[in-house]
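Only one structure is covered here, and it is reproduced in the block below.
The values are calculated or read from the model by the stated rules, or taken from the named source; none is laboratory data. Here the structure is a predicted model, which is why all the values come from computation and not from measurement. Glycine also receives a Cβ, built like all others from the backbone with ideal geometry; neighbour counts cover every protein chain displayed. Just the protein is used for accessible areas: all its heavy atoms, side chains included, with ligands, DNA and RNA removed. Shrake-Rupley method; radii C 1.70, N 1.55, O 1.52, S 1.80 Å.
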Amino acid sequence: MLLAVACSIALGPMVTFETRGMVVSKLLPELSRIVSAKLESRGLEDVALIVSLRNQPFEKVKGWLAEACDAEWSQEKDKLVLVRSAGRRQIAARTEALWRGQQFKRWIEKNLPDQAWSDSQIAEVIAANTKRADEDAEMYVQDVKPTQPVFMQSLRARTPAHVLLGRLLRSVSAEYLGAFPVNCQVITTTQPNPYERPIPVKTDALTADWMSLARRYAARMDTAPRQNGAVTHRTQEAWLQAYQGQTPHLFVLYSREYGAAALSVRLYVCDGTRVLDTAKVELPLEPTESRPRETPPPKWDLQICTLTQQILARRSQQSQYIVRTMVEPGVIATLPAAFNTFAAPPLDAAVRHPTLVEPHSIGTADAVLGIARTRKKDVIAHVPDSAIAGISTALGASGLNAIWENPMNFAINIEEGEILLIRPNFFGRADRYRIRRAALEKWLNTFGPSNLPSLEDHLAYVKLAPESDFYNNLDHFYSALLTPVSSGSTFLISHSRNL
């Protein structure tokens, strides 16, 4: 008994606290009143937590809060401050980049060549290219019906540049491949100008091997162009044999688009102004590992709040309306017509005030608290803003199975220990795509009962919230609720960010 009392004193006061969603800057003052200690935060603006704790020691709660926020506690005079430092942000960004690069490298090792083709492989590649060219030519003739002869080469052809690209990508590090930013094109080359980057590995031996393979490849090709109806297939022999052996220079273009997990890589082998050979590859992220499926599946204790029910009803009616306007004969769904004819269940006015009603309290909290009740665990959850639409869509028994079994698909990790600790799988991504609640609220109030925000409204918003996870973000989630046809707002938000 004395030991239990001593442990209780050492672990501090006990905490019982619940919120469906609250930003840390508001949550810590609430917790301060429970534990009689002054608690503040720094560097955690607009980080929102879902919390359900019953009689938990404050010392443990402090640790869980720090883990959930990727932060640390600092004693500053008479107060404890939960701090997310610039150093932690940099570590989070490097961790994410390394993971992404390692995924790309695993795919490269499995799928891209690491040595020159043998003569028999060259013959197989040329035969496959010929078949692809004939298929593409037939489709072109059927679709375009050309009246004049045209020259073409299949975009699906594999050439010696594919071997060079595979070996080049094997040579660079995972950190290098994972660090390319979203919505940006980066050019690397063996002869960089001030706007280009140098290729980070030595390429002389790789280029010499390409030249050798290219000559062998050309020697086995047709000596004259083949005819396929109105299409003439160019051979590569002419430019390869005319090539005098001077070392070419290489351009490698890397690009990642909004909403795309893959890294697109295109190689150009050049001689002065001529492109001698080219290859392209999309490096994908591999499917994430999932939890073992439970048999029978859990009976989820899902309790959906009134506001979430309103939103689900509204989204269901929106979907039915869009389908009706698309399939009914003679109906053209223009935006003005949509506003005049669309009638959806009303939404609580609180939806327009994300500074007062935390967005994650809608939908996300229903899922998180349902999982916690079913697992009979307390919970602290930091769910990234980019996951809100996916989680809200997944509400329902089968949806909670999907979240529990494969949380990475929803941009989170779920750790089941003394409590359920739910955190972003990558804090760097959560930082980049976190929406400022005050900016979101100001923008939401430009939506009227019969009008969309103007371009100026969108521009004012994106200046305050400049980054977005293109396909699955908080502002798109809200715009879909407030407009009968949301694509116009989604388009303007996305493209305003690029202006």
Original post:
On the given criteria, is Ser489 open to solvent by less than 50 Å² (accessible area, probe 1.4 Å) and modelled with pLDDT under 75?
Top reply: yes
Original post:
How many residues does the range 33-42 hold that are open to solvent by less than 20 Å² (accessible area, probe 1.4 Å) and in contact with a strand residue (DSSP E or B) (Cβ under 6 Å, 6 or more places away or on another chain)?
Top reply: 1
Original post:
Within the range 395-414, can you find the residues that are in a helix (DSSP H, G or I) and within 22 Å of Glu67 (Cβ to Cβ)?
Top reply: Ile403, Trp404, Pro407, Met408, Asn409, Phe410
**OP:** Just name the residue that is farthest from Lys62 (Cα to Cα) out of those in the range 391-425 that are within 13 Å of the chain's Cα centre (by Cα) and surrounded by 20 or more Cβ atoms within 10 Å (Cβ to Cβ).
**Re:** Phe410
**OP:** May I ask you to list the residues in the range 426-436 that are outside any loop (DSSP other than H, G, I, E, B) and open to solvent by less than 10 Å² (accessible area, probe 1.4 Å)?
**Re:** Gly428, Ala430
Original post:
Which one of these does Thr355 not meet: (1) polar (S, T, N, Q); (2) open to solvent by less than 60 Å² (accessible area, probe 1.4 Å); (3) at pLDDT below 70?
Top reply: (3)
Original post:
In the range 53-82, which residues are of a type in the set (Gly, Ala, Ser) and either under 20 Å from Met14 (Cβ atoms) or surrounded by 15 or more Cβ atoms within 10 Å (Cβ to Cβ) (or both)?
Top reply: Gly63, Ala66, Ala68, Ala71
Original post:
When you look at Ile388, is it open to solvent by less than 30 Å² (accessible area, probe 1.4 Å), at pLDDT 85 or above, β-branched (Val, Ile, Thr) and in contact with a Gly (Cβ under 9 Å, 6 or more places away or on another chain), yes or no?
Top reply: yes
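Within the range 95-109, is there a residue that is within 24 Å of Pro359 (Cα to Cα), surrounded by fewer than 18 Cβ atoms within 10 Å (Cβ to Cβ) and not basic (Lys, Arg)?
First pass over the range 95-109, keeping only residues within 24 Å of Pro359 (Cα to Cα): none.
No.
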Original post:
On the given criteria, is Ala208 modelled with pLDDT of 75 or more and surrounded by 16 or more Cβ atoms within 10 Å (Cβ to Cβ)?
Top reply: no
**OP:** With a cut-off of at least 2 residues that are modelled with pLDDT of 70 or more, name the strands (runs of 3 or more DSSP E) lying wholly within the range 224-332.
**Re:** 249-256, 263-271, 274-283
Subject >> Failed condition for Met22, given (1) aliphatic (A, V, I, L, M); (2) buried (at least 17 other Cβ atoms within 10 Å of the Cβ); (3) more than 26 Å from the chain's Cα centre (by Cα) >> reply: (3)
Subject >> Pair list, Cβ under 7 Å, 6 or more apart: the range 189-209 residue closer than 13 Å to His249 by Cβ and of a type in the set (A, V, I, L, M), other residue open to solvent by less than 40 Å² (accessible area, probe 1.4 Å) and at pLDDT 90 or above >> reply: Ile199/Thr188; Ile199/Thr189; Ile199/Leu250; Ile199/Val252; Leu206/Leu164; Leu206/Leu168
Subject >> Cross-chain or 6+ apart pairs with Cβ under 8 Å, the range 349-366 first and farther than 15 Å from Gln310 by Cα, then among the hydroxyl-bearing types (Ser, Thr, Tyr) and buried (at least 20 other Cβ atoms within 10 Å of the Cβ) >> reply: Pro354/Tyr478
Original post:
For Ser468, which of the numbered conditions (1) in contact with an Asp or Glu (Cβ under 7 Å, 6 or more places away or on another chain); (2) at pLDDT 65 or above; (3) within 21 Å of Ala387 (Cα to Cα) fails to hold?
Top reply: (2)
Original post:
From the list Ala179, Ala161, which one is surrounded by 14 or more Cβ atoms within 10 Å (Cβ to Cβ), of a type in the set (Gly, Ala, Ser), at pLDDT below 95 and closer than 30 Å to Ala219 by Cβ?
Top reply: Ala161
